[in-house]
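Some notes on the structure that comes next.
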Amino acid sequence: MVTQEQLSQHLVGPTYRHPEEHDYYVPKGPFDDQKERVNQVSRADDNYPNLKVGIQDMDDALVFYFREVIRPRAMVDQNYVEVPLVYGNPERWKAAQKDGQYRDKAGKRQLPVAIFKRNSLKKVRNMANKLDANRPHNFYLTHAYYSRRNPYSEFGKVLNRAPEREFIYTVVPDFVKLEYSVIVLTDYIEQMNPIIEAINFASDSYWGRQEKFKFQAFVGDIRTEVMGSTSEDRTVKSEFNITLNGYIVPETPNSGPYVNYKGRNKTTVRLALQEKTIQG
């Protein structure tokens, strides 16, 4: 029986060019080269960090940027108070959405506050694509000249000895769009205005930690309303969406042969022979 993978292989042309030989990578047949034991090079002797980007990294980027960079503040009793950002579990989200209330574990009303939750993940297919998850064709390539197996030495430099290079192949990431919903609650419009201004100013920029991955974020339309009647505590609620342009490089069993895959270039050994005749 012919599998779907075998039927689709003739539609996928070779796209990977070898960095040394400049030849296109051609699959050998029904089995993938990178799954063959002869091509599986151990990474136990190197210290290259594994590349992994997940959904949690994008959630952390949003939370970090909101708390440490935007740092929205509100004036409460003549003092500035930073607006905390909390995750909206179903109970919190329902209370904020329907009643405009957020209470702590003791039942005390806590304002100002910002509540967020992730709504959806949408794959972006008009950017770089690995073409086929069963046999990816597009890779990022990084390399190092020297390693524990091939250390640097002045003697090799004098002899013009080219070092063996090690390559780390990583499949191109899956580009995605993550949608978040955010609700901000305050007591007064005067408290809400500077919070909205700070969040709107941060739109269209890259959110995340300086030493880690960053993702471009877009703040959507901000809707503001006053909730509550004359007999209740009134609450000002602003609601908006954040779209995060991200990418995913998973560390899962099915992606293992294509993420942080190690290889080496071919090493050529040339022997110079010198002929000498000895008169007897």
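Holding the Cα-Cα limit at 24 Å, pick out from Lys214/Lys262; Lys105/Lys214; Lys123/Lys237; Lys52/Lys130 the pairs that are longer than that.
Too far apart for the 24 Å limit: Lys214/Lys262; Lys105/Lys214; Lys123/Lys237.
Order these by the 10 Å Cβ neighbour count, fewest first: Glu239, Glu166.
Glu239, Glu166
Read-outs: derived from the displayed coordinates by stated rules, not from any lab. If you're wondering where the values come from, they're calculated on a predicted model, not measured in any experiment. Reconstructed Cβ throughout: ideal geometry from the backbone, glycine too, with neighbour counts over all protein chains shown.
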